[in-house]
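Reviewing the structure listed below.
None of the figures in this text is laboratory data; all of them are computed from the coordinates on show. Since we're looking at a predicted model, the values are computed, not measured. Note: ideal-geometry Cβ built from the backbone for every residue, glycine included; neighbour counts use all protein chains shown.
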Amino acid sequence: MKIAVTLGTRPEIVKLSPVIRELERRQADYYILHTGQHYSYHLDRVFFEQLELPPAKYNLEVGSGSHADQTAKILSGVEKILGEDRPDIVLALGDTNSVLAAAIAATKMHIKVGHIEAGLRSYDRTMPEEINRILTDHCADYLFAPTENSKSILLNEGIPNEKIFITGNTIVDAVQQNIDIADRQGDTPRSLNLVPKEYFLVTIHRQENVDNPERFISILEGLDIVAEEFRLPIVYPIHPRALKRLSEFNIKPRNLTLIEPIDFLSFLQLEKNARLLLTDSGGVQEEACILGVPCVTLRDNTERPETIDVGANILAGAIPETILECSKTMVLSRTNSWENPLGDGAAGFRIVNIVMEKVDDQHTCNRRTGVHRIKSGA
Ligand code: UD1
Ligand code: UDP
């Protein structure tokens with residue numbers, strides 16, 4: 001039984017870490033195939049080091065590029081590796097170009113695909129992530145849905161019940177496995193001259209927000225008036241895409257402390273001690289909900305409606321006054337005592353159990369029928 005775990009970006013490394021740890025614990029025959037979509041130290045290697053993950057067996061080093069260019073390079077790179085290594089199943093998590101390309105490559109080679117974090121929908125097809133999610137879900141053989149809601153979305157799209165497994169989201173495992181370690185490793189807020197619960201934390205990096213100058217400026221104006229209203233520092237570990245756009249559009253944010261993207265343990269500490277998180281990140285919306293910190297989502301929609309339903313999150317879009325109003329609502333009137341709806345911290349364990357069982361069944365079936373998979377390029 002051989003398992004290929006494919007990943008390519010920061011959130012995939014974080015959220016697959018519990019699955020990789022579980023595979024390690026069981027001494028499973030698996031390997032990591034890194035697409036190289038993220039390659040800067042602070043978006044990639046720092047997470048392997050800090051989460052003590054084994055190195056990738058393969059790194060395609062595809063780097064940055066247009067959607068088509070990046071996806072095509074990953075597709076042909078993954079196909080070549082899978083052709084040589086012949087795993088029984090490919091696991092991919094989330095909605096990036098790396099996920100879509102790995103899923104397409106594997107499914108065309110008749111290699112089973114397990115999609116972790118299946119069934120999320122923003123219903124906004126202008127987002128590249130939405131296209132990636134839908135197509136990956138419809139390629140996948142096993143769909144690991146984090147919640148009941150994500151399962152019902154998949155059923156409504158015609159995906160058969162027997163392919164879908166509710167497991168919880170592995171981000172809960174990742175937070176639970178690392179929060180105490182994060183607390184022991186130092187005092188990140190203090191090292192940035194921040195007082196616990198006396199600062200706001202921001203991340204903005206999504207294409208629809210930062211590649212559109214009017215929208216990016218509008219969000220930054222919103223943050224500016226939030227800082228003035230609350231008279232609290234706002235710290236923004238800035239993703240390289242956003243940093244590049246600030247410079248291209250010649251935008252100079254006021255009232256924001258820009259820092260480099262930081263490692264996961266330091267970021268967890270910063271999140272936990274923040275008064276409020278403002279973000280367009282999927283992972284940060286989830287972590288806020290898990291850590292009991294209110295969140296303002298700087299988007300018009302979210303594929304994580306469970307966080308809104310429990311009162312942990314609110315959609316603010318990009319209009320400055322709405323961002324201020326939503327921040328006030330979340331800081332002043334929420335109790336921060338919601339139940340975490342995203343899982344119990346055992347998602348990685350469940351996923352690995354199901355994968356092992358399914359691959360075993362597949363071997364038995366193949367032995368009976370004499371079926372062989374086709375080779376790459378066939
Ligand atoms: C990708 C995902 C997005 C996810 C994000 C996680 C897609 C379509 N988008 O967006 O869903 O939320 O990762 O962070 O897959 N860059 C660097 N160093 C790196 C990687 C990128 O400097 O290691 C810069 C390059 O200028 C690059 C830009 O960031 O052009 C965007 O990178 P890319 O991988 O295309 O998309 P992300 O914005 O990171
Ligand atoms: N993160 C981090 N350092 C940072 C910003 C984010 O470690 O400076 C982590 C965060 O804890 C979360 C993940 O990166 O687990 C989210 O990734 P990102 O926001 O890039 O992508 P998305 O979740 O939107 O796809």
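Looking only at Gly94, Gly348, Gly77, which one moves most when the chain is put into a Gaussian network model with springs between Cα atoms under 10 Å?
Of the options given, Gly77 has the highest mean-square fluctuation.
Restrict the search to the range 119-194; then list the chymotrypsin sites (Phe, Trp or Tyr not before Pro) that DSSP places in a loop and that have at most 10 other Cβ atoms within 10 Å of their Cβ.
Here the sparse-neighbourhood loop sites are Tyr123.
For the range 277-378, what relative contact order do you get, as a whole percent, if you take Cα pairs closer than 8 Å and at least 6 residues apart?
It rounds to 21 percent for the range 277-378.
Taking other Cβ within 10 Å of each residue's Cβ, how do His205, His67, His38 sort, fewest first?
His67, His205, His38
Return the loop-located trypsin sites (Lys or Arg not before Pro) in the range 78-137 (DSSP other than H, G, I, E, B) with at most 11 other Cβ atoms within 10 Å of their own Cβ; answer none if there are none.
Here the sparse-neighbourhood loop sites are Arg125.
Which trypsin sites (Lys or Arg not before Pro) in the range 152-209 sit in a loop by DSSP (not H, G, I, E or B) and have at most 16 other Cβ atoms within 10 Å of their own Cβ?
Qualifying residues, ordered by number: Lys197.
Output the pairs from Lys80/Lys163; Lys73/Lys108; Lys73/Lys252; Lys80/Lys151; Lys151/Lys272 with a Cα-Cα distance over 25 Å in this structure; if there are none, say none.
From the list (Lys80/Lys163; Lys73/Lys108; Lys73/Lys252; Lys80/Lys151; Lys151/Lys272), the Cα-Cα distance tops 25 Å for Lys80/Lys163; Lys73/Lys252; Lys80/Lys151; Lys151/Lys272.
To make sure I understand, if each residue's beta carbon is the centre and we count other beta carbons within 10 Å, what order do Ile181, Ile219 fall in, fewest to most?
Going from sparsest to densest Cβ surroundings: Ile181, Ile219.
Where in the chain are the helices, taken as whole DSSP H runs, whose Cα atoms extend 18 angstrom or more along the long axis and whose Kyte-Doolittle mean reaches at least -0.5?
Taking the DSSP H segments of the chain (at least 18 Å long, mean hydropathy at least -0.5), we get 10-25, 67-85, 170-184, 213-230, 320-333.
Quick one: what does P(r) look like for the chain with 10 Å bins over all Cα pairs, in whole %?
5, 24, 34, 24, 10, 3, 0
If you average the alpha carbon positions of the range 145-223 and of the range 115-140, how far apart do those two centres end up, in angstrom?
Each part reduced to its Cα centre gives a spacing of 16 Å.
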